[in-house]
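What follows is a single structure, written as structure tokens, with notes after it.
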Amino acid sequence: MVYTKTMNNPFFQKDIVSSEEYIKDDITYILALTQRMKDIATKFGGVSILSHKILAALFFEPSSRTFSSFITAMQRLGGGFIPMHGMAHTSLQKGETFDDTIQTFANYADVIVLRHPDVGLAQRAADIAPCPVINAGDGIGEHPTQCLQDLFTIQDALGSIDGLKIAMLGDLFHYRPVNSLAKALVHFPNVQLYFVSPKGVGIQERVQSYLLNHHMKFFELESVDEILSDIDVLYVTRVKKEYMSEDLYAQVQGAYKVDMEMVKKMKKQSIIMHPFPRLGEIDEAVDNDERAVYLRDQMKNGMYARMALLASVLLPEVSI
Ligand code: CP
């Protein structure tokens with residue numbers, strides 16, 4: 001769908017905490033606006049529709065892509081930002097509470113983007129802050145903006161999301177982007193999901209319940225080999241060492257690695273995705289294959305999707 005100025009903006013002043021909140025029309029709207037942002041950024045670098053708007057980026061965990069793409073999205077739209085890349089130099093270090101910290105930054109910013117290691121802290125911030133809060137990843141919970149860039153990347157590369165066979169490979173238990181993406185995919189008819197993971201790190205039961213409640217077809221496997229030639233999307237994840245015990249890490253690390261031998265078995269019209277960072281789950285030899293979109297389109301689309309989302313959260317109508 002092509003974005004038009006008359007499209008209804010469903011995100012104005014909304015918190016974005018979980019992809020469960022997206023309905024199909026929201027996704028259709030944001031993917032169309034993401035395409036428009038991509039066109040504008042590619043042609044002109046950006047457009048100053050968010051001048052005098054300020055984003056507070058509060059990152060309690062490390063980030064390269066999410067942090068940078070939110071900041072650059074804001075800059076490309078003419079806005080300002082408070083870049084808290086780590087909270088070591090905030091008054092949290094003097095004992096200030098999380099709640100007071102959120103209240104404080106909400107006094108200076110029009111929107112808060114929060115990454116935190118604990119599930120539920122994005123919702124807590126949303127409950128406290130008078131301005132919208134966008135979840136940039138909460139522990140093993142959700143990453144609902146990664147989900148938007150992933151949906152856009154799939155649609156852009158393959159034309160449509162409907163009816164695709166999508167395999168998610170790796171540590172699915174601790175990897176929040178798969179939770180958000182799997183839940184959003186319930187809005188696309190006839191999508192088949194394959195969850196492929198070593199023992200002990202399968203997709204979370206609460207995600208499975210959500211999918212079952214939404215009549216989503218999925219299969220759990222321990223090896224991707226038997227479906228490689230049939231799938232449209234191979235979505236690879238990292239082992240989240242920082243979220244697991246040493247014993248579990250020793251059991252899981254190195255259990256899967258995508259190499260060219262595997263990629264050769266995939267369809268020509270398929271794509272390989274990874275939210276990154278990677279720690280050896282995809283051989284670097286795969287990077288030059290045209291199906292590998294993780295280092296190019298998928299990352300860049302994060303900035304375009306966040307431009308679309310920030311404009312929509314901060315403006316009642318996005319007139320571009
Ligand atoms: N994909 C993603 O969330 O990457 P970062 O952890 O670098 O932000």
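The values are calculated or read from the model by the stated rules, or taken from the named source; none is laboratory data. Worth saying up front: this structure is predicted, and the values here are computed from it rather than measured. Neighbour counts are summed over all protein chains in view; Cβ atoms, including those assigned to glycine, are modelled from backbone coordinates with ideal geometry. Calculation scope for accessible area: heavy atoms of the full protein, side chains included, ligands and nucleic acids excluded. Shrake-Rupley method; radii C 1.70, N 1.55, O 1.52, S 1.80 Å.
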Breaking point among (1) within 16 Å of the ligand (Cβ to nearest atom); (2) farther than 24 Å from residue 313 by Cα, for residue 157: (1)
Scanning region 177-193 residue by residue, the ones that are in contact with a Leu (Cβ under 8 Å, 6 or more places away or on another chain) and open to solvent by less than 20 Å² (accessible area, probe 1.4 Å) total 9
Give me the pairs: first residue in region 12-31 and outside the structural domain of residue 150 (by TED's automatic domain parsing) and assigned to a helix (DSSP H, G or I), second residue modelled with pLDDT under 95 and aliphatic (A, V, I, L, M), beta-carbon distance under 6 Å, and six or more apart or on different chains, which are they? 28/1; 29/7
Only one of 134, 140 is among the β-branched types (Val, Ile, Thr), touching a strand residue (DSSP E or B) at 6+ places or on another chain (Cβ under 9 Å) and in contact (Cβ under 8 Å) with a residue 60 or more places away in the chain; which? 134
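Test of understanding: among 256, 235, 210, which residue is in contact (Cβ under 8 Å) with a residue 24 or more places away in the chain, in contact with a Ser or Thr (Cβ under 9 Å, 6 or more places away or on another chain) and surrounded by 13 or more Cβ atoms within 10 Å (Cβ to Cβ)? Walk me through it before giving the result.
Numbers: 235 fails: in contact with a Ser or Thr (Cβ under 9 Å, 6 or more places away or on another chain); 210 fails: in contact with a Ser or Thr (Cβ under 9 Å, 6 or more places away or on another chain).
After ruling out the rest, the residue left standing is 256.
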Residue pairs qualifying under the 6 Å Cβ cut-off, at least six apart or on distinct chains, with the first in region 260-277 being farther than 14 Å from residue 288 by Cα and the second being part of a helix (DSSP H, G or I) and not β-branched (Val, Ile, Thr), are 274/294; 275/146; 275/177
Within region 18-66, restricting to residues that are in contact with a strand residue (DSSP E or B) (Cβ under 6 Å, 6 or more places away or on another chain) and more than 16 Å from the ligand (Cβ to nearest atom), the one that is nearest to residue 121 (Cα to Cα) is 56
Filtering strands (runs of 3 or more DSSP E) wholly in region 54-148 for at least 1 residues that are surrounded by fewer than 19 Cβ atoms within 10 Å (Cβ to Cβ) gives 54-59, 80-85
